[in-house]
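The values are calculated or read from the model by the stated rules, or taken from the named source; none is laboratory data. Nothing here was measured: the structure is a model prediction, and the numbers come from that model. Note that we place each Cβ from the backbone using ideal geometry, even for glycine, and neighbour counts take in every protein chain shown. Heads up: the accessible areas ignore ligands, DNA and RNA and are worked out on the full protein's heavy atoms, side chains in. Shrake-Rupley method; radii C 1.70, N 1.55, O 1.52, S 1.80 Å.
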Amino acid sequence: MTGVPLSWYLILSALLFALGVAGFLFRRNIITVFMSIELMLNAVNLSFVAFSYQLKQVNGHIFTFFVMVVAAAEAAVGLAIILTVFKNRETLNVDEVNSLKN
Amino acid sequence: MQHLWLIPVLPLLGFLLNGLFGRRLAKGAVTAIALGSVLLSFAWVVKTLVGLGALETAYIERYFTWFQSGDLRVGADLSVDRLTAVMLLVVTGVGSLIHIYAVGYMTHEGGYYRFFAYLNLFMFFMLVLVLGANFLLLFVGWEGVGLCSYLLIGFYFLKKSATDAGKKAFIVNRIGDFGFSLAMLLIVITFGSLDFGAVFPAAASKPESTLTLIGLLLLLGACGKSAQAPLYVWLPDAMEGPTPVSALIHAATMVTAGVYMVARSSAIYLHAHAAQEMVAYIGLGTAVFAATIGLAQNDIKKVFAYSTVSQLGYMFLGLGAGAFSAGIFHLVTHAFFKALLFLGAGSVIHALEGEQDLRHMGGLRTRIPVTFWTLACAWVAIAGIPPFAGFHSKDAILLAAHHHAPWMYWVGVLTAAMTAFYVSRAMFLAFFGEPRGHHHPHESPPVMTAPLAVLALLSLAGGFLDVPKFLEPLFPLSEGAHDFALVAISVVAGLAGIGLAALFYVVKPGLADAVANALGGLYTLVYNKYFVDELYDAAVVRPVETGSREALWKGVDAGLIDGAANGVASIARATGGLLRLIQSGNIRSYATWVVFGSILVLVAIGLVGGGAR
Amino acid sequence: MPASLWPSWAEMLRFLPEIILTVAGTLIMMLEPVLGSRSRRGLGQFALAGLSAALAAAVVADGSPGPAFSNMLVVDGFATFFRVLVLAVGILTVCSSYPYLNREGASSGEYWALLLFSITGQCVMASANELIMVFIGIEISSISSYVLAGYLRDDKRANEAALKYFLLGSFATAFLLYGIALVYGAAKSTNLAVVRAAVEKGEAPLLLVGIAAALMFVGFAFKVSGAPFQMWAPDVYQGAPAPVSAFLSAGPKAAAFAVFLRVFMTAFQGVSDRWAPVVWISALLSMSIGNFAALRQSNLKRMLAYSSIAHAGYVLVAMAARSQSGSAAVMFYLAAYALMNMGAFAVVAHVAGKGERYVEIQDLAGLAQRQPLTAAALAVFLLSLIGVPLTGGFFGKFYIFKAALESRLIWLAVLGLLNSAVAAYYYLRILVVMYMEEPGEVTNGLGPLPLGLKAALAMPVVGLLVLGIFPSGLLDYAVKSAKFW
Amino acid sequence: MDVILFLAFAAIAVVCAVNVVVQTHPISSALSLIGVMGSLAVLYLLLGAEFIAMAQVIVYAGAIMVLFVFVIMLLNAGAESRRGRSLTAQLLGIPGFFALLVLLSYTVLRLFPDAAHVKFGGFTGGSAKDVGKLLFTEYLLPFELTSVLILIAIVGAVVLARKELE
């Protein structure tokens, strides 16, 4: 058995990334939209780890680690922002947050 | 060291003092500062020129390196050569006279200190423009005078039309500046320098196509500043400003900046024939076109405004025909008689308490005699009657035009006749016949009439200053022979114009009673001089204006002129729907655009081949 | 290479500005609870002191240039330039925020701390030499900016601005990150110099590097609000508190341009034939969209937002030149731009009044008669934005278009100049309203200019005039520093 | 074995990811996302990234997602309302999704032609020790900087969640 071609991992990563994008575009709930971003970040992480395997380096893992930290910080701040939006508007529908426009 | 820097800095000081403290200063102090700075500057010009002597070559003072990047070094350098000397005398001399006049004219206006502060600032920039030894300093002055012109036009800012006129001037000038900046950048790329002393000697060795492009772009800039077709539209509107401003900025100095710039760049134009030819065409076209419109204006300042446009066209014709010195000569004499015309008009308006409509004037000859007699000097000067100022310079241009292409001469002569006609018409309507208004005219104070007298003298005798001879080291005199027949024809044309105007506006009314019964209908036709105007307006001006708007200037007058104002605004309106679609305020839509943008970027980068760098 | 855990002093020195900022930010958070409500107001001054100290440190650090912390960051002229720039932006922001927050009754230590942290991130971006540092710098800067945008959390507009900024910003960052992953896979490293070497030696497939560059382009163009990724900017600048909008349009943008330039001119230098056309188009789109959209705005903040998009377009023109003089033009322009935009927003913050009720252009009517100096300052900023000589904006544009022409980008230069001719119109409208109209209710009721705002107006005015009259000093420095290898 | 493991968990990841996108209730989406993260952790293990796999489960699935679920519960968010719409997203979303997918897949498929085959145990450098060593030497600076990031997160949350301003 020769194992799995690395490109499969990469394609999986691309697919998850694109699904994250789709989630951002199609979901109306702000929290789900935010989760779609997390999905995109996860997809990128998979690429990093896969490349790390190919290059026999740990650097990609470190990158993934930092992405996780960033994601955690983003989650804290992002959810706080979502909370204030909800408090002000009583809605979590992303389409209803559109008072600033041309 | 001649300390050239003092020449512009003195008015700048005047601006700073009046601008910062003018509100708290007594009127007398404001006047003293404003006048003093300009007069001192004039004195310094005279002292400098005396000190410099013959000025066979340019005298340059380098103060410091303004900026340097790579090989490009631009210094804060001022230079004086014979061309600059002429311009300096005109700017500070005529400028001083107009400042003196303005003291009387503006006495009763609000914002006295502000007005003089702006006026001094204008002088500063104009002197920088003239003295700068490189294109960048020229450009600084160029933009600066535009800004001041805008401020001064909008001086009566409570009048909506004044604000609009200011805006129009600014925008049209921006179009011109676009040409100028691009030309300047091209010069940097081509010559590696912006110094006149480095660029012009090298012009001969550069490809003609590049020079032509530079020349055309400079011409675009000049057209904006000097109100040449198709960018002339702002100047007639600019007459909304106070009359001294019209005289100083929109007749004598700023609007001639384009002429100065083209003459200064003569080395480029001499090696770019197409561009020079274009200068001649635009000049001639503008001269005829503006004169045609000027024939039927009823606002006295509008008559002179169109006349200015037309005369500037003459100067460009001279430049384009290769007679740079003739163009500058006309610039000088024009500064004298046109400043006088405007100041005289101001005096008339002042006497009639703000009346500007020729149809409500008349019979002023005896009421305000000083104004009349001084204006009469300008009148004969602009009409090209020998031996007065306008005759000499106009003649030089027409001869050069004949040498260049005979048909241009004939069109020029026709324009000269029209010029003589409309100025005479204005004079007759204002000063002859019966008073038609309900005013009690009074002569202006000496502080206003004294400058008029000086300018009148200059208008009469200014032609004997042999400017072309003086400029010979810079611009070789064209070898066109002084053909007596050609001179005679143009003089006759001028006289014919005056005669025709006299017939329409003076003689006929006198003959009226005698001819009235005999001619019946025809009599009414002629008697009613406004009918002539109206007929002319309907038969000539309106078709010319509409025709040009429809055919020739459609893209320009409707698209560019009203401006980048309305034109651009309508483009903006047209894109408004698209904008609303994109800027919908919806986060998901924005994200969709981000996704699409990224797809485009990916495709674009993926498709572009890795060509050789 | 078993590096010692304790870095050398030279390395610490190179990182000193960031250390000072972080310590100052943390101190503010620690001081706030122990201070009384009166002395809490002094925290703004403390932040100012921290920024000034960091500024001094940045200048000192420039004396010992070189890489630090295993090549994670590098101190060179370029880094110092942008560090000083963002720190100066920070100082101006503090000056204009201080009276603003007092007026809104929203003064608190967190604001200053977040501001300092955000600037820390921008300093990191300026000196980043590794994509990981780029990423973390961007995130530090962005996450604190998200919060700052929504700082007035009971204000619906600020709220919405924060949400939009946050969601779209994170979205774009994900693209950036994907690009970094591809770079890592292609070049086996994320160190800029190593990537550059790999591309030059042909070890990394050019097309792949190009694709990676494309993804990173999305992220960077978003951060600098370059078209077609500019949509967020008008909404966010309009909704955020005015001093924050000023900050966002200057600090993060300048820092983003710094990394944008550094990454594309080093790591992706080898594929510049591929990305240059994209930058070209983006520059043209940004200028056109920004200017034409700004023509239609009646809201000052929104108009300035569109104008800032247009100005990003001008900077992209210089970037498209792909030359040393182009990079120098980017630097010079951003410095001038930061000053004029900060100044203009400071005036808006002043006129807007409590709760930012007056942010229409018409609200400035007659300002020149009521507060001549404020109006004169705004006039200087607007003239500089137009690009009138003797202001910094003029030379900025001059260098940009000169660089573009030198690189034979003739059409881009022509269209750019045309664009800036159009732009004059909407800036002019403000001048007209300010100088030629009678004072309205808003300008009549305007309070005196607070000290902080005076400083926030005076400094940019002086700076712009200096840049306009003596541009050489800064330009020399920029040209010298615009070398990336 | 590798292939089966990969395919199984890749399939779970994809199905869960699709579920994240199609579910209208945020809780379902959140739980599906945890599913994606869990299966990714297994894939990380296959790639030899022990430490990251653990961190993925503990930090991502454990901490971050709990935060999400907590907020969803806090706000009592139900199935999303169908009010409001974005024509742009609805019209261009699907083509955009596919175009992006095709472009990215094409890139990785065509441009990484000689990539290695992944076998479990083929790379064992991803232990906590290896990661830690690198983190505290070469990546010391970014590591320290992340502390600033966390600080911002705390301060930011305080600012936005505090009761009253002054």
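Considering segment A:1-33 alone, what residues qualify as being of a type in the set (A, V, I, L, M, F, W, C) and touching a Leu at 6+ places or on another chain (Cβ under 7 Å)?
A:Ile11, A:Leu12, A:Ala14, A:Leu15, A:Leu16, A:Phe17, A:Ala18, A:Leu19, A:Val21, A:Ile30, A:Ile31, A:Val33
Limited to segment B:59-103, what total is found for residues that are open to solvent by 20 Å² or more (accessible area, probe 1.4 Å) and charged (D, E, K, R)?
4
Got at least one residue in segment A:68-90 being open to solvent by less than 10 Å² (accessible area, probe 1.4 Å), part of a helix (DSSP H, G or I) and touching a strand residue (DSSP E or B) at 6+ places or on another chain (Cβ under 7 Å)?
Scanning segment A:68-90 turns up no residue that is open to solvent by less than 10 Å² (accessible area, probe 1.4 Å), part of a helix (DSSP H, G or I) and touching a strand residue (DSSP E or B) at 6+ places or on another chain (Cβ under 7 Å).
Which residues, counting only those in segment C:45-64, are open to solvent by 40 Å² or more (accessible area, probe 1.4 Å), outside any loop (DSSP other than H, G, I, E, B) and either of a type outside the set (A, V, I, L, M, F, W, C) or in contact with a Leu (Cβ under 6 Å, 6 or more places away or on another chain) (or both)?
C:Gln45, C:Ser52, C:Leu55
What helices (runs of 4 or more DSSP H) completely inside segment C:368-472 contain at least 1 residues that are within 24 Å of the chain's Cα centre (by Cα)?
It comes to C:372-386, C:392-406, C:410-436, C:451-469.
Quick one: is D:Thr124 more than 7 Å from chain A (Cβ to nearest Cβ), under 18 Å from A:Gly20 (Cα atoms) and at pLDDT below 90?
No, not satisfied.
Tell me, please, whether a residue that is over 17 Å from the mean Cα position of the chain (by Cα), open to solvent by 10 Å² or more (accessible area, probe 1.4 Å) and more than 14 Å from every other protein chain (Cβ to nearest Cβ) can be found in segment B:134-152.
No; the residues of segment B:134-152 include none that is over 17 Å from the mean Cα position of the chain (by Cα), open to solvent by 10 Å² or more (accessible area, probe 1.4 Å) and more than 14 Å from every other protein chain (Cβ to nearest Cβ).
Mind telling me which of the residues D:Val155, D:Val66, D:Val57, D:Val71 ends up being facing another protein chain (nearest Cβ under 7 Å), part of a helix (DSSP H, G or I) and within 21 Å of the chain's Cα centre (by Cα)?
D:Val71
Of the conditions (1) under 27 Å from C:Ala352 (Cβ atoms); (2) modelled with pLDDT under 90; (3) at the interface with chain B (Cβ under 10 Å from one of its Cβ atoms), C:Ile410 clears all except one; give me its number.
That leaves (1) as the condition not met.
Here are the criteria: (1) surrounded by fewer than 17 Cβ atoms within 10 Å (Cβ to Cβ); (2) touching a Ser or Thr at 6+ places or on another chain (Cβ under 9 Å); (3) within 11 Å of chain B (Cβ to nearest Cβ). Tell me which single one C:Leu465 does not satisfy.
Failing condition for C:Leu465: (3).
Go through (1) more than 22 Å from the chain's Cα centre (by Cα); (2) facing another protein chain (nearest Cβ under 8 Å); (3) not in a loop (DSSP other than H, G, I, E, B) for D:Glu80 and report which single condition fails.
(3)
Go through (1) closer than 28 Å to B:Leu129 by Cα; (2) within 11 Å of chain B (Cβ to nearest Cβ); (3) crowded, with 20+ Cβ neighbours inside 10 Å and name the single condition C:Val433 misses.
(1)
Taking the condition modelled with pLDDT under 95, assigned to a helix (DSSP H, G or I), at the interface with chain D (Cβ under 8 Å from one of its Cβ atoms) and within 15 Å of C:Phe175 (Cα to Cα), does A:Ala50 pass?
no
If the requirement is being over 22 Å from B:Leu97 (Cβ atoms) and open to solvent by 20 Å² or more (accessible area, probe 1.4 Å), which of these qualifies: B:Phe388, B:Phe421?
Criteria check complete, one pass: B:Phe421.
Only one residue in C:Leu168, C:Leu114, C:Leu163, C:Leu207 is within 10 Å of chain D (Cβ to nearest Cβ) and farther than 21 Å from C:Ser97 by Cβ. Which one?
Only one candidate passes the filter, namely C:Leu207.
From the residues in segment C:98-139 that are outside any helix (DSSP H, G or I) and not hydrophobic (A, V, I, L, M, F, W, C), which one is surrounded by the fewest Cβ atoms within 10 Å (Cβ to Cβ)?
It comes out as C:Gly105.
I'm checking my understanding of the structure. Among residues of segment B:559-613 that are in a loop (DSSP other than H, G, I, E, B) and more than 7 Å from every other protein chain (Cβ to nearest Cβ), which one is modelled with the lowest pLDDT?
B:Ala612
Are there any helices (runs of 4 or more DSSP H) wholly within segment B:221-311 with 2 or more residues that are crowded, with 24+ Cβ neighbours inside 10 Å and at pLDDT below 90, and if so which?
Counting at least 2 such residues, we get B:234-237, B:243-247, B:273-294.
If D:Ser32 passes every condition in (1) more than 8 Å from every other protein chain (Cβ to nearest Cβ); (2) under 29 Å from A:Leu92 (Cβ atoms); (3) outside any helix (DSSP H, G or I) but one, which one does it miss?
Against the list (1) more than 8 Å from every other protein chain (Cβ to nearest Cβ); (2) under 29 Å from A:Leu92 (Cβ atoms); (3) outside any helix (DSSP H, G or I), D:Ser32 comes up short only on (3).
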